[in-house]
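Asker: Shown below is the structure under consideration.
Only the coordinates and a few stated rules stand behind these numbers; no lab work does. As the structure is a prediction and not an experimental result, all values here were calculated from the model. Counting neighbours? That spans all protein chains shown, and the Cβs are built from the backbone with ideal geometry, glycine included.
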Amino acid sequence: MLWDVNIQTGVAAYWPERLSTSGYSIDEIAPNITAWGTRVHPEDSNRIRKAFNAHAKGRLPLFECEYRLRAKNGRWKWILSRGKIVELDSGGNPLRIIGTSFDISAQKNAELIVQKYHEQLERQVEERTAELERALQDLKQKTEEQALLLNTIDVQVWYLTDPGTYGLVNQSTADFLGVQLETIPGKRLSEFYSPDVVAVWEASNTEVFQSRQTVYTEELTPNAAGEPRWMSITKTPKLDQYGNVEYVVCAGTDITERKRLEEENLEMERKLLHAQKLESLAVMAGGIAHDFNNQLAVVLGNLELGLMDLAPDSVVRPSVMNAIQAAKRSAELCRQIQIYTGNTFYNPLDLDLNELLNTNPIPMQLRVSRNVTLNLESHNTLPPIKGDPDQIQCLVTNILVNASEAVGDKNGEVRLSTGVIDCDAEYLSRSRIEEKPEPGRFVFLEVTDTGYGMDADTQRRLFDPFFSTKFWGRGLGMSKVIGITKGHHGAIIVDSEVGKGTTIRVLFPVQEEVQDSFVTHNKAAETKSPVSDIARRKTILVVEDETGVRDLAVRRLDVLGYDTIVAGDGEEGVNVFRERPNEIDLVMLDFKMPKMNGVETFGELIRIKPDVRVMLCSGYTEDVVMQSFPGQRPAVVLHKPYNMEELKTELDRLLS
């Protein structure tokens, strides 16, 4: 819009006739300039007056001012007016001024949008960018002060005069590039970055110049030291009055740390999902083993009772004995299932790992191929550990088989060594078991092979059930290894590199003192013993929800000479005991039951009679049972399936 104003009379002329800037016609605001002034925002009137006075006194060659004008529709529009005094009166006072006005609302709105977008990136950037915006409005014409302010923030800010050329930059940008601030303007991106980086940047920059729209990108860029850094960059075009791009303002924030944390979170989520999958398998396997144990207890117990009724020379006796052995092997299979889940029920003994390995080294030699040399390097003396010798032998066997297969058909070496190591939390965090042991001293078993090694994906899946890189493998060996280690409260560290072999280190915590355990396990010989005299005078309450298991227990107790009372679940058992507490000498209590489980039932029993003797019967592990009782605990835990001699031994001990 063009305008011509007589300053002394206030008469104004406008072109075109309808003022698109404000929406008013000339008739609505002419002929006096006062009509225009009444529509200027009150906060901007003083600024217009100062700009005009500066021009009138010759301090500025042109009158130039940005201000807000209320349009005919009632909205405020940003106007940029420029003018020049073209006529003076006889006294030298301004008489006539002509000029132009432009609607810059879109530009102002774009600046506000960019400001809000930047505020969302980071609090620090938000505060300093807001400060920068305010300073730029107040000090628009003061280039030196503007540059000083830009150089105080740690956000990189630079101008692009074309897609590949730097204009002005701030100090943070110069520091990132590793050069002096004053040497950058006018230089090409190719003088600081490699061709592949320049190609990506110039493509993004070209998009801004062509679209004339703000673009947000995340770009991987090397700094002056050559370190790759992730930058979050906002590129905003500065348009001239004709809508052409004068330059592009870029603001970049280093988000490398945020990217690293995002990757760590993704990795943690992946591990969590993996752990949940394995936990689901463990729960399923544990449930199957528990239910199968109950059925085996019935089969084994009835066979045992039947065998007692057979004459020594009965032709049926060998068949029954074979069936008993098969049932025991089935029970061992249940135990193997729980090994995979790390919830193995075992008899913890004080073990010398060296003695265990050196007692019979021939089976270990048989586990490696003929082309593989097995070397055993034992530490002179090792402190004792708590463990199950059979399971540790199984663990060693599976690791040796895995190492031998890793060597393949070529000649190679597998080294098995032992030792003592003090481990801190940082080292133990590398364990492949989710539950990390407490820092301290550990006895280690280490197996190193000269095989091909494993890539990251193979290492990640090494201990997964049914995973194998050999087509003939079942994929359960290493799963058993991690299950046994977990059952012994240990840790597993794996170091492997493609082309350089693999080292697997299993850590067993050193037991400084033997902890008291409320659980007693006795493996008695499978022979028939005479019934003790004290048994004939005792009454036992059998609380068991499985009918077959309950009936078998009653028959066994009857053979041993005990009187029995039965209850089908915990709630019924508590009611029976409440009515006859002095008549019942001992309670045989199942661990897993409906309505009221073994832990809840035990709690009610000791409320009724604090010194009640309870034998807990369970197919679950010792750890699970121990952790389930926060306070007072049962006198003994009998692991299902148990035989007649184990039952008799424990009853004699408790009721003597």
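Asker: Among 234-241, 456-463, how do they line up by average Cβ neighbours within 10 Å per residue, starting with the highest? Write down the numbers at each step before the final one.
Answerer: Values: 234-241: 16.5, 456-463: 15.0.
Packing proxy ranking, top to bottom: 234-241, 456-463.
Asker: Using only the Cα atoms of the range 170-270, build the gyration tensor, take square roots of its eigenvalues as a ≥ b ≥ c, and label the shape rounded, prolate or oblate: rounded if a/c is under 1.5, else prolate if a/b is larger than b/c, else oblate.
Answerer: Working: a/c = 2.22, a/b = 1.41, b/c = 1.57.
Oblate.
Asker: Still on this structure, please answer the following. Give the peptides 478-490, 183-195, 407-419 in descending order of average Cβ contacts within 10 Å, highest first.
Answerer: On the way: 478-490: 24.0, 183-195: 13.6, 407-419: 16.9.
Ranking, from highest mean packing down: 478-490, 407-419, 183-195.
Asker: Here's another thing I want to ask about it. Under the 0.36 nm per residue contour assumption, what length would be gained going from the current alpha-carbon distance of GLU438 and ALA130 to full extension? Please report the intermediate quantities before stating the final value.
Answerer: Values: separation 308, 0.36 × 308 = 110.88 nm, distance 4.94 nm.
Result for the pair: 105.9 nm of gain on full extension.
Asker: How far is it, in nm, from the label point at VAL420 to the one at THR381 when both lie 7 Å from their Cα along the line to the Cβ?
Answerer: 0.8 nm
Asker: Could you work out the relative contact order of the range 395-470, using alpha carbon pairs under 8 angstrom and six or more residues apart, expressed as a whole percent? Please list the in-between numbers first.
Answerer: Values: 74 pairs, mean separation 28.1, N = 76.
After rounding, I find 37 percent.
Asker: Please work out whether the range 205-253 counts as rounded, prolate or oblate from its C-alpha gyration tensor, where a ≥ b ≥ c are the square roots of the eigenvalues and a/c under 1.5 means rounded, while otherwise a/b larger than b/c means prolate and anything else oblate? Intermediate results must be reported in sequence, preceding the final value.
Answerer: Working: a/c = 3.28, a/b = 2.78, b/c = 1.18.
Prolate, because a/c is 1.5 or more and a/b exceeds b/c.
Asker: Among rounded, prolate and oblate, which fits the range 359-449 when a ≥ b ≥ c are the square roots of the eigenvalues of its C-alpha gyration tensor, a/c under 1.5 means rounded, and a/b larger than b/c means prolate?
Answerer: Numbers: a/c = 2.06, a/b = 1.64, b/c = 1.25.
Prolate, because a/c is 1.5 or more and a/b exceeds b/c.
Asker: Follow-up. Quick check on my link table: of LYS50/LYS187; LYS116/LYS259; LYS50/LYS77; LYS386/LYS410; LYS77/LYS238, which ones sit more than 31 Å apart, alpha carbon to alpha carbon?
Answerer: Numbers: LYS50/LYS187 39 Å; LYS116/LYS259 23 Å; LYS50/LYS77 20 Å; LYS386/LYS410 38 Å; LYS77/LYS238 19 Å.
Violating the 31 Å limit, Cα to Cα: LYS50/LYS187; LYS386/LYS410.
Asker: Which chymotrypsin sites (Phe, Trp or Tyr not before Pro) in the range 207-274 pass both tests, a DSSP loop state and at most 13 other beta-carbon atoms within 10 Å? Mind dumping the intermediate values first?
Answerer: On the way: sites: PHE209, TYR216, TRP230, TYR242, TYR247; in loops: TYR242.
Counting only loop positions with at most 13 other Cβ atoms within 10 Å, the chymotrypsin sites (Phe, Trp or Tyr not before Pro) in the range 207-274 are TYR242.
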